Amino acid sequence: MERSPFPHSGPLEADEVTGRDEEAAALVRLLGGRVPIALVAPRRYGKTSLLRRGAWLLDQVEPTTTVWLDLYGLSSVSDFAVRLDRALGSSTGRFREALDRVAGGLRISIGVVSAELRRSARSAPDATATTHALLESLVRVAEHHRTLLVIDEVADAIGVGNVLELMRSHLQPVYRELGLAFAGSKPTMMARLFGDTDQPFYSQARRIELQPLPIEAVVDIVHRGFRSTDRDAGPVASAIASFGAGHPQRSMELADAAWWLTEPGAAATADTWDAALAGVRSRVAPGMRDFFGMLTSTQQAVLRAVVRTGAPFAASEGRFHDLSRSSITIARDALVDAGHLLFGPGASTLTDPLLADWVARELP
Ligand SMILES: Nc1ncnc2c1ncn2[C@@H]1O[C@H](COP(=O)(O)OP(=O)(O)O)[C@@H](O)[C@H]1O
Ligand SMILES: [Mg+2]
């Protein structure tokens, strides 16, 4: 069975990431120089993929162990301890040996924290003490092993117990020795955490805002994927680049659909593109309907206004939906905070080109 050259669920492997060469080189330079970075972009823009590539390139320049800590949907300090334990527990080799030795001295066993924290309340260890011990272990091992700590979806830790402060207290003294990469999808939260001078530790990180993929990069990725599997993308590559507007995951999803409709040895045509788009539209429609239904009615109206006019404030749209300017502002800010709306100085756009397409087709 052939495999599609356009994976589109979950992060790419390091060697699958293309079209982000400059960003990857910048990551290697900064992380190699021990400058903490904070990568900011909407969901499914390729943050985790790019960090994987950066970590992989860095490892080739100077052998480095990467610890991946994913805070997506973090709920509590216990949850943090469990995720950190898992991240440390997946390490191997010399790093792992050193880690087990240090952790043993602090009376914890890497890899079993989850079971311990879920024991009945009386005998369970204290989550904060466990977190201290895990962070302490990591930091001590990093003194002797080149280490990169990736903290993905860090904005999800905002407001969760004292997680941010726990991380800061352990990482601040060593941030010059340890590679430190943060990533997050919630733009406003990320701007606050990393731009805020009241957060001296986090604000040291160099902020990198990941942009949509350039049109040429998408065209190139699509052509290359087809060619490498004995197909010709024909007009489909530029159709995807223009419809997908540089959204990495959506562009790959569309390319994947067109690829499955193209026989080996054949060339895709305009009909292939029409059929691929129709297929993707019908596949995503139920999810779009569910997503849209969960928004407030003002947020729905703002998305509709942006799709129709490129701006949330068009006077005619405000009148049409019977909304005040202040309620529009609140709804717009919530959509921007959640990463659904890209609010630029020129025109605003929906982050997801397929959502924009769905709104334009389904709603007047
Ligand atoms: N450089 C890239 N080139 C092509 N597609 C990409 C690239 N980066 C990401 N993608 C697409 O986006 C999807 C999501 O990537 P991921 O790294 O998980 O995003 P994020 O971490 O920002 O949510 C991938 O499955 C892939 O289809
Ligand atoms: Mg990610």
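The values are calculated or read from the model by the stated rules, or taken from the named source; none is laboratory data. Predicted model only: the values in this text are computed from it and were never measured. Virtual Cβ from ideal backbone geometry, glycine too; neighbours counted across all protein chains shown. Note: areas computed on protein heavy atoms with side chains; ligands, DNA, RNA excluded. Shrake-Rupley method; radii C 1.70, N 1.55, O 1.52, S 1.80 Å.
The table below gives the values:
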item: Which numbered condition Leu323 misses (of (1) closer than 22 Å to Val40 by Cβ; (2) outside any helix (DSSP H, G or I)); result: (1)
item: Qualifying residue in the stretch 79-90 (condition: open to solvent by 40 Å² or more (accessible area, probe 1.4 Å) and in a helix (DSSP H, G or I)); result: yes
item: Residue that is nearest to ligand 1 (Cβ to nearest atom) [pool: residues in the stretch 37-63 that are closer than 25 Å to Gln172 by Cα and not in a helix (DSSP H, G or I)]; result: Ala41
item: Hey, Glu153 of a type outside the set (Gly, Ala, Ser), within 12 Å of ligand 1 (Cβ to nearest atom) and assigned by TED's automatic domain parsing to the domain that holds Leu138 or not; result: yes
item: Residue list for the stretch 327-341, restricted to those being over 12 Å from Leu303 (Cβ atoms) and surrounded by fewer than 21 Cβ atoms within 10 Å (Cβ to Cβ); result: Ser327, Thr329, Ile330, Asp333, Asp337
item: Test: residue in the stretch 4-15 that is open to solvent by less than 20 Å² (accessible area, probe 1.4 Å), in contact with a helix residue (DSSP H, G or I) (Cβ under 9 Å, 6 or more places away or on another chain) and either within 14 Å of ligand 2 (Cβ to nearest atom) or outside any loop (DSSP other than H, G, I, E, B) (or both); result: yes
item: Subset of the stretch 193-249 [touching a Leu at 6+ places or on another chain (Cβ under 7 Å), surrounded by 22 or more Cβ atoms within 10 Å (Cβ to Cβ) and not assigned by TED's automatic domain parsing to the domain that holds Arg44]; result: Ile240, Gly244, Pro248
item: Residue count for the stretch 16-42, restricted to those that are touching an Asp or Glu at 6+ places or on another chain (Cβ under 9 Å) and either open to solvent by 10 Å² or more (accessible area, probe 1.4 Å) or away from ligand 2 (no atom under 14 Å from the Cβ) (or both); result: 6
